[in-house]
Amino acid sequence: MLNKKSVDDINVKGKKVLVRCDFNVPLQDGKITDENRLVASLPTIKKLIADGGKVILCSHLGKPKGEPKPELSLAPVAARMSELLGQEVVFAADPEVVGPNAKAAVAAMKDGDVVLLENTRYRKEETKNGEAFSKDLASLCEVFVNDAFGTAHRAHCSNVGVTQYVDTAVVGYLMQKEIDFLGNAVNNPERPFVAILGGSKVSSKISVINNLLDKVDTLIIGGGMAYTFAKAAGFEVGKSLLEADYIDYANEMVQKAKDKGVNLLLPVDTVVAKEFNNDAPSRVVEGSMEPDEMGLDIGPKTRELYKDAVKSAKTVVWNGPMGVFEMPNFAKGTIAVAEALAEIDATTIIGGGDSAAAVNQLGFGDKMSHISTGGGASLEFLEGKELPGVAAANDK
Ligand code: AMP
């Protein structure tokens, strides 16, 4: 359980409350193409409105690199949040984020009003956790709420720096839910506990593999990561993704799994093609590939093996696709895993990023127990790291 004060432990009536949300949503031509993060922020915001707080929202969006970039303005988010909340979210357009416009908007607030500040990354101090911007943000409020799980693995002004200058810093419901699901899975899982790791690189998931081998009953590996393990086992992997520097590491992990009695599952067959192209002719390979072939998905036998392996699971954590799921012809492995998770009677947790996108795109979103709003943050949590954005909140 998270030992941090939450929005349930404070009284915000008549107070100015700064809420760090994660409104970092994908935009296309000014339109929000996936609003899951906005929807996920609603419970905390509604609670603070109902309690009579003056609710000041802030977030980053994309990477404006410390200067105003109109295409990364949060204005479209203010408009959509007004609809989702059923009340006006006043957008405090302000190139300094906390400049004259923002201050005037906050000064005009009544209890229960909502204001959204401009993209916090318009300020170059934001990602450096600089003092001036941290103080600016703190000057707007009496209470700070951090509900941005997606940024919790970073120490920035708007989630960490600001807490040094306010007396009360608590977490919101989304943060609490994310940590409860991931924390319970990792530290107190109902067994069998199965982790599924995919995606492109072993190197980005080294610590996760290592940490999870201490916790899980079964570890399933797919995606581009699998070819470094295949090479380590003595197979040729052609033009597949390969991190030659991590072959020794792959061997160590295989050994660690043996020592710990963890069932480590690697692909037994692979869908290969000669080009990285959805329409490239493909074939299924067991064992070594030809020099001009590359693996783009797990094969049919592996799909069955992995589906079987999760059947009796009681807790499953999944991070990373099983193949190049963006191309329909190489999405079968990822679909099979998503289907398998949708069918079982278990706590199913999808780490953010690509696996969350895949599950939502394939229409299995509501079949999962929890889909994390944070890719990098959920990975760092699975690595066993403390998240600075969480650590900065007041203890219970
Ligand atoms: P990551 O960001 O490390 O979770 O990786 C996600 C990406 O891995 C997705 O864009 C997938 O297309 C890619 N991926 C998965 N399997 C493969 C593969 N066999 N070859 C190349 N890329 C892959």
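Take residue 275 and decide whether it is without any contact (Cβ under 8 Å) to a residue 24 or more places away in the chain, in the same structural domain as residue 365 (by TED's automatic domain parsing) and more than 15 Å from the ligand (Cβ to nearest atom). So residue 275 fails the test. Which one is surrounded by the fewest Cβ atoms within 10 Å (Cβ to Cβ) among residues in the stretch 55-91 that are part of a helix (DSSP H, G or I) and not hydrophobic (A, V, I, L, M, F, W, C)? If we take residues in the stretch 55-91 being part of a helix (DSSP H, G or I) and not hydrophobic (A, V, I, L, M, F, W, C), then 70 is surrounded by the fewest Cβ atoms within 10 Å (Cβ to Cβ).
In the stretch 213-226 there is at least one residue that is surrounded by fewer than 16 Cβ atoms within 10 Å (Cβ to Cβ) and not basic (Lys, Arg). Within the stretch 278-322, the set of residues being away from the ligand (no atom under 13 Å from the Cβ), aliphatic (A, V, I, L, M) and open to solvent by less than 50 Å² (accessible area, probe 1.4 Å) comprises 309, 310, 313, 316, 317. Every test in (1) buried (at least 19 other Cβ atoms within 10 Å of the Cβ); (2) part of a loop (DSSP other than H, G, I, E, B) is passed by residue 200 save one, and that test is (1). The number of residues in the stretch 92-148 that are in a loop (DSSP other than H, G, I, E, B) and of a type in the set (Gly, Ala, Ser) comes to 6.
Go through 334, 315, 270 for me and flag whichever is among the hydroxyl-bearing types (Ser, Thr, Tyr) and touching an Asp or Glu at 6+ places or on another chain (Cβ under 6 Å).
Working: 334 fails: touching an Asp or Glu at 6+ places or on another chain (Cβ under 6 Å); 270 fails: touching an Asp or Glu at 6+ places or on another chain (Cβ under 6 Å).
Criteria check complete, one pass: 315.
Restrict the check to the stretch 79-91 and report whether at least one residue is on the phi > 0 side of the Ramachandran plot and touching a residue at least 60 places away in the same chain (Cβ under 8 Å).
So in the stretch 79-91, the residues on the phi > 0 side of the Ramachandran plot come out as 86.
Going one step further and asking which of them are touching a residue at least 60 places away in the same chain (Cβ under 8 Å), we end up with none.
Within the stretch 79-91, none of the residues are on the phi > 0 side of the Ramachandran plot and touching a residue at least 60 places away in the same chain (Cβ under 8 Å).
Any chance the stretch 352-360 includes a residue that's more than 16 Å from the ligand (Cβ to nearest atom), surrounded by fewer than 21 Cβ atoms within 10 Å (Cβ to Cβ), modelled with pLDDT under 95 and under 25 Å from residue 149 (Cα atoms)? Checking the stretch 352-360: not a single residue is more than 16 Å from the ligand (Cβ to nearest atom), surrounded by fewer than 21 Cβ atoms within 10 Å (Cβ to Cβ), modelled with pLDDT under 95 and under 25 Å from residue 149 (Cα atoms). Residues in the stretch 7-49 that are among the small types (Gly, Ala, Ser) and touching a residue at least 60 places away in the same chain (Cβ under 8 Å): 14, 40, 41.
The values are calculated or read from the model by the stated rules, or taken from the named source; none is laboratory data. Quick caveat, the model's predicted, so the values are computed rather than measured. Note that we place each Cβ from the backbone using ideal geometry, even for glycine, and neighbour counts take in every protein chain shown. These area figures cover heavy atoms from the full protein model, side chains too; ligands, DNA and RNA do not enter into them. Shrake-Rupley method; radii C 1.70, N 1.55, O 1.52, S 1.80 Å.
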